[in-house]
Amino acid sequence: MDKRAAGILMPITSLPSEYGIGCFSKSAYDFVDWLKEAGQSYWQILPLGPTGYGDSPYQSFSSYAGNPYMIDLDELSEAGLLEKDEYKNIDWGSNPEKADYGLLYNRRFGVLRKAAKTAEEKYQTELTEFRKENHKWLSDYALFMAIKAVSYTHLRAHETAANL
């Protein structure tokens, strides 16, 4: 390096958000602008993959897939994939300084499924192309996540029955 530089290490999930966790939203773009104005050269972020138990970015289920928590719900609304009333009035957690990952897991995926259903209808050509371009990892990842979801639901049903 010929020149001294400075930067910051901060996960995207630490950005402010009305929806329980920082994401690729206007806040992220504003933060980049602020870094530039502050004379920073680098923003080191944590891995961006989907997190597993404990929600550590270093325990990702995929090195290709992105973390669904980082999808900007307002951007989905602007793209016509969600209505604001489908996510604006949801309780995303009461502590703005700490993400409630259990709450996010139980609420965010339902909202994202609504957007995905609309996207499947609206962007058939683009999704077909994405599936073709990413066939080497996408099918196995989707199968794994589907099995994981069914297993989780099955486990929760047994825990509930055991507590009755």
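The values are calculated or read from the model by the stated rules, or taken from the named source; none is laboratory data. From a predicted model like this one, the values you see are computed outputs, not experimental measurements. Heads up, the Cβs are rebuilt from the backbone with ideal geometry, glycines too, and the neighbour counts pull from every protein chain shown. For accessibility, only protein heavy atoms count, side chains too; no ligands or nucleic acids. Shrake-Rupley method; radii C 1.70, N 1.55, O 1.52, S 1.80 Å.
Key figures
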| read-out | value |
| --- | --- |
| Members of segment 110-164 found to be outside any helix (DSSP H, G or I) and either modelled with pLDDT under 95 or in contact with a helix residue (DSSP H, G or I) (Cβ under 6 Å, 6 or more places away or on another chain) (or both), listed by number | 163, 164 |
| Inter-residue pairs, beta-carbon under 8 Å, first farther than 19 Å from residue 70 by Cα and in segment 24-50, second assigned to a loop (DSSP other than H, G, I, E, B) and small (Gly, Ala, Ser), 6+ apart | 39/6; 40/6; 41/5; 41/6; 42/5; 42/6 |
| Verdict on residue 64 being outside any helix (DSSP H, G or I), open to solvent by 50 Å² or more (accessible area, probe 1.4 Å) and at pLDDT 95 or above | yes |
| Answer from 156, 131 - the residue that is charged (D, E, K, R), in contact with a Ser or Thr (Cβ under 9 Å, 6 or more places away or on another chain) and farther than 25 Å from residue 22 by Cβ | 131 |
| Members of segment 105-164 found to be within 19 Å of the chain's Cα centre (by Cα) and among the acidic types (Asp, Glu), listed by number | 120 |
| Condition broken by residue 106, with the remaining ones in (1) open to solvent by 40 Å² or more (accessible area, probe 1.4 Å); (2) at pLDDT 95 or above satisfied | (2) |
| Every residue from segment 1-52 that is open to solvent by less than 70 Å² (accessible area, probe 1.4 Å), farther than 23 Å from residue 103 by Cβ and polar (S, T, N, Q) | 40, 41 |
